[in-house]
1. What list of ³J(HN,Hα) couplings, whole Hz, do you get for the stretch 106-116 from phi and the Karplus terms 6.51, -1.76, 1.60, once you set θ to phi - 60° and write x for glycine and proline?
2. Give me Rg/Rg_expected for the stretch 44-123, where Rg uses Cα atoms only and Rg_expected = 2.2 N^0.38 Å with N residues.
3. How far apart, in nanometres, would the label points at T83 and K39 be if each is projected 7 angstrom from Cα along the Cα-to-Cβ direction?
4. If I model a spin label at H107 and T70 as a point 7 Å from the Cα along the Cα→Cβ vector, what separation in nanometres do I get?
Amino acid sequence: MIKGVFKIQIYHKYIRGGLDLPGKGQKLLFPKPKSKKKKKHHPPSILHDKKSRTCYLCIMLHDNWSEHSTLQEHHVFSGPNRTNSEENGLKIYLCRDHHVYGLEAIHNNARIRHEVQRMAQREFERQHSHKEFMKIFGRNYLDQVEIGEINEKKSKPVQGSRPERESSL
C-alpha cells in the first residue's frame, strides 16, 4: 500500500468520524457540530386568528367563512417595515387566490392592500397610540378624521365613573 493512500484512509476513518487518533489523547471535532439557530418567537396576529383556518379577505370581501387547507402568511406592512409588522402582530392569513393570484389578490390590488393597512393601523392604535405607530412605522395610513375618532374613544370615561371636577382657581 502506498503511504499517501494509507494517510487518506486514516484521515477518513478517524478524523471524519471524530474519534481519538492513536497516540493522541484528544478528540478531534471535524466537521464541527452544527449549532441550532435560535428562533424568534413573535406574537400572534392582532388582526386574525390562524387557528380559524379562514382567509381574512374571503371574510372581509365576500363574507365567506369557509376553512382552507393551506393559508399563507401576509405581513401587512412590507419592505423595511416587514420586521416591525412581524414583531407587532400585524399580519393576516390568506388563501392562495387572495394572496398572490387573481384580481382581488393583495399583491395585485392596491386598493385592497391600502384598506388592509388602514385596518391594521386602526387595530394597532386601539391597543397603543398614534404617536407610537408613527414612531415604529414612520407613515400614516389613516385620514385625520379617523385618527381623531380613535383618540376620542380612548379618552371617553368609563360608564359609572365620576367625571373630574374643574377647578376654578
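1. Each residue of the stretch 106-116 in turn: 5, 7, 10, 10, 5, 4, 5, 4, 5, 5, 5 Hz.
2. 1.00
3. 2.0
4. About 1.3 nm, to one decimal.
Bear in mind these aren't lab numbers, they're just calculated from the coordinates by the rules spelled out. Only a predicted model underlies this, so the values are computations on that prediction, with no experimental measurement involved. Glycine gets a Cβ as well: all are built from the backbone with ideal geometry, and neighbour counts include every protein chain shown.
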